Amino acid sequence: MKIKALLVLGAGLLGVFAGQADDMARDAIKDRIKPVGQIHVAGAQAQTAAASGPRSGADVFKSSCFACHGTGVMGAPKAGDAAAWNDRIAKGVDTLLNHAINGFNAMPPKGTCGNCSDEEIKAAIEHMIEGL
């Protein structure tokens, strides 16, 4: 009878530890296969977005505009280049802003900053033409 009780106790303990090991293995697998990133649908509000206030024109330029307007890719006027900007500035800030928000020629709407507000886009434009 003692041997039978010990065998049942041993089998029970083995089952408990095996169950815990299986749970830990499942957690490890879930951790290894979790998505690297998330999908953001245009127009949808990000659930974890924290209100941080508007970004400065320099911040928007560095993070989103520099790729084209820092190098002149596909005819984009380079920031601070008066010759490239003079004709565009002559059309007025409203036209510049309209082209930046809605897209123009090779520039897509809002450039590469889909989450920028219109005010942030305007600040980036002002940063690029500052001093011209």
Margin query: Under 24 Å between alpha carbons, and skipping anything fewer than 8 positions from K91 in its own chain: which lysines qualify?
Written below: K78, K110, K122
Notebook entry, point to check: Using the Cβ atoms and a cut-off under 10 Å, what net charge is assigned to the surroundings of R55, where Lys and Arg are +1 and Asp and Glu are -1?
Noted result: -2
Notebook entry, point to check: For segment 64-132, what number results from the quotient of the Cα radius of gyration and 2.2 N^0.38 Å?
Noted result: 0.98
Check: Each residue of segment 84-89 in turn: what ³J(HN,Hα) in whole Hz from Karplus with 6.51, -1.76, 1.60 and θ = phi - 60°, glycine and Pro shown as x?
Finding: 6, 9, 3, 5, 5, 5
Next item on the list: Using amide H atoms built 1.01 Å from N in the peptide plane, name the residues 5+ places from F104, or on other chains, whose amide H lies under 5 Å from its own.
Entry: none
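Between A42 and K30, 0.36 nm times their residue separation minus their Cα-Cα distance comes to what?
Fully extending the segment from A42 to K30 adds 1.5 nm.
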Notebook entry, point to check: DSSP loop GluC sites (Glu not before Pro) in segment 38-132 with at most 14 other Cβ atoms within 10 Å of their Cβ, which ones?
Noted result: E130
Check: Counting only heavy atoms of protein chains, what accessible area per residue, in Å², does segment 64-132 have with a probe of 1.4 Å?
Finding: 59
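What does the charge add up to near I121, with Lys and Arg as +1, Asp and Glu as -1, over the other residues with Cβ less than 13 Å from its Cβ?
For residues surrounding I121, the net value is -3.
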Checklist line | segment 49-132, accessible surface, carbon-and-sulfur percent (1.4 angstrom probe) | finding: 55
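The values are calculated or read from the model by the stated rules, or taken from the named source; none is laboratory data. Quick caveat: nothing in here was measured; it's all calculated off a predicted structure. Cβ atoms come from the backbone with ideal geometry, glycine included; neighbour counts cover every protein chain shown. Heavy atoms of the whole protein, side chains included, go into the accessibility calculation; ligands, DNA and RNA do not. Shrake-Rupley method; radii C 1.70, N 1.55, O 1.52, S 1.80 Å.
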